[in-house]
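Undergrad: Handing you this structure, nothing more for now.
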Ligand SMILES: N[C@@H](CCC(=O)N[C@@H](CS)C(=O)NCC(=O)O)C(=O)O
């Protein structure tokens, strides 16, 4: 039995999206990242000593770190569904883009989202939002250039590489950050976010 801990309005979303893409039977435990008691519960800490979400339990295997969870799910269950990239080179590309989006994009984009949308109004700082939007121009140009050459990030079809990157880039819309200046990126993100599995995960 597979269990995924974490509410959809969090980084757990990307794992829910992957589970939906794979059509796997799974249990969803919607642990909220604002629920300190739930995150500090000894039973939960035994699964995830970081006290964060998401956490995946698959039989005897316990995994945390959202991107690692998705790469594992793709590797283990995604060949038939086409989510696992084909061949070592495309696997390398999936790792590259997953690490890249975590290290180059996630933090600045989260700051834009926080200061435009998530923080209480009195704590929002428009300068922080603008500064981080500026930081994102460089990685967005990198992604746009790659997608001007290829429809997908790791091979000839949508894979875990696209899902992991699109799940982060999906924050741009609630962060009120227009991606239209990067047309190949914009088009690709629309194709990714339009997938029925993403909509099902969103509805959780
Ligand atoms: N790098 C981790 C980050 C996990 C993370 O920070 N999760 C947030 C929710 S999106 C959380 O649990 N926050 C609660 C806390 O830090 O106390 C991942 O991608 O899984």
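The values are calculated or read from the model by the stated rules, or taken from the named source; none is laboratory data. Keep in mind that what you see is a predicted model, and the values were worked out from it rather than measured. Cβ coordinates were reconstructed from backbone atoms using ideal geometry, including for glycine residues, and neighbour counts include every protein chain displayed.
Undergrad: Suppose we keep only residues that are part of a helix (DSSP H, G or I) and without any contact (Cβ under 8 Å) to a residue 12 or more places away in the chain within the range 115-130. Which one would you say is nearest to the ligand (Cβ to nearest atom)?
TA: This residue is 118.
Undergrad: Can you tell me which residues in the range 165-185 are surrounded by fewer than 18 Cβ atoms within 10 Å (Cβ to Cβ) and more than 12 Å from residue 113 (Cβ to Cβ)?
TA: 178, 180, 181, 183, 184
Undergrad: Next question, about the same structure. Which one of the conditions (1) more than 8 Å from the ligand (Cβ to nearest atom); (2) over 24 Å from residue 100 (Cβ atoms); (3) in contact with a helix residue (DSSP H, G or I) (Cβ under 8 Å, 6 or more places away or on another chain) does residue 16 fail to meet, given that it meets all the rest?
TA: Tallying (1) more than 8 Å from the ligand (Cβ to nearest atom); (2) over 24 Å from residue 100 (Cβ atoms); (3) in contact with a helix residue (DSSP H, G or I) (Cβ under 8 Å, 6 or more places away or on another chain), residue 16 fails exactly one: (2).
Undergrad: Right, next: Would the range 100-113 turn up any residue that is surrounded by fewer than 15 Cβ atoms within 10 Å (Cβ to Cβ) and either assigned by TED's automatic domain parsing to the domain that holds residue 161 or within 16 Å of the ligand (Cβ to nearest atom) (or both)?
TA: Yes, there is a match, as at least one residue in the range 100-113 is surrounded by fewer than 15 Cβ atoms within 10 Å (Cβ to Cβ) and either assigned by TED's automatic domain parsing to the domain that holds residue 161 or within 16 Å of the ligand (Cβ to nearest atom) (or both).
Undergrad: Taking residue 160 as meeting all but one of (1) over 25 Å from residue 8 (Cα atoms); (2) within 13 Å of the chain's Cα centre (by Cα), write down the number of the exception.
TA: (1)
Undergrad: Tell me, yes or no, whether the range 177-189 has at least one residue that is at pLDDT 95 or above and closer than 26 Å to residue 77 by Cα.
TA: yes
Undergrad: Is it the case that some residue within the range 101-110 is over 19 Å from residue 15 (Cβ atoms) and touching a residue at least 40 places away in the same chain (Cβ under 8 Å)?
TA: Within the range 101-110 (the criterion being over 19 Å from residue 15 (Cβ atoms) and touching a residue at least 40 places away in the same chain (Cβ under 8 Å)), the answer is no, since none of the residues qualifies.
Undergrad: For the range 33-49, state whether one or more residues are within 14 Å of the ligand (Cβ to nearest atom) and closer than 22 Å to residue 166 by Cα.
TA: yes
Undergrad: Next question. Which one of 83, 71 is buried (at least 20 other Cβ atoms within 10 Å of the Cβ), away from the ligand (no atom under 16 Å from the Cβ), closer than 14 Å to residue 15 by Cα and touching a residue at least 40 places away in the same chain (Cβ under 8 Å)?
TA: From the options 83, 71, the qualifying one is 83.
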